[in-house]
Amino acid sequence: MTLSKSVETIDGPDALDVVPESIESAIQDGIDLSGTPLPKDMVTFYKEVMQKEADRVCRVRIAMRKKIIAIGSKHYDQETLNKRLLDAGWEGLKAAEIAYFFS
């Protein structure tokens, strides 16, 4: 049995999905799996990058909501669109959105 493809299997855009929970936990604790401390600058930079990714994901959700409201207001009445937003986990229609799209 050869392990030559083992690195290839975790390379690429899906690589983050295969990082074991124990490794993520160790990073958050700042301690390598061997028990030695991870360099503080490495952990700080890692956390900074992960926060930027989390912020980017949030902006995608905001953009999705805005597009749903702009297009959805053409196809749904105010009450239905508001309910569908809430049911999907977004914030309901804001006063300014109601005034713009439903007045």
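The values are calculated or read from the model by the stated rules, or taken from the named source; none is laboratory data. Note that the structure is a prediction, hence the values are computed from the model and not measured. Glycine also receives a Cβ, built like all others from the backbone with ideal geometry; neighbour counts cover every protein chain displayed.
Quick look at the values:
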item	result
Residues that are more than 30 Å from D29 (Cα to Cα) and within 21 Å of the chain's Cα centre (by Cα), drawn from region 45-83	I62, A63, M64, R65, K66, K67, I68, I69
Residues that are more than 21 Å from A54 (Cα to Cα) and either among the basic types (K, R) or at pLDDT 90 or above (or both), drawn from region 1-32	K5, I31, D32
Hits in region 22-41 - residues which are surrounded by 11 or more Cβ atoms within 10 Å (Cβ to Cβ) and under 22 Å from the mean Cα position of the chain (by Cα)	I23, E24, S25, A26, I27, Q28, D29
Any chance A63 is modelled with pLDDT under 95 and among the small types (G, A, S)	yes
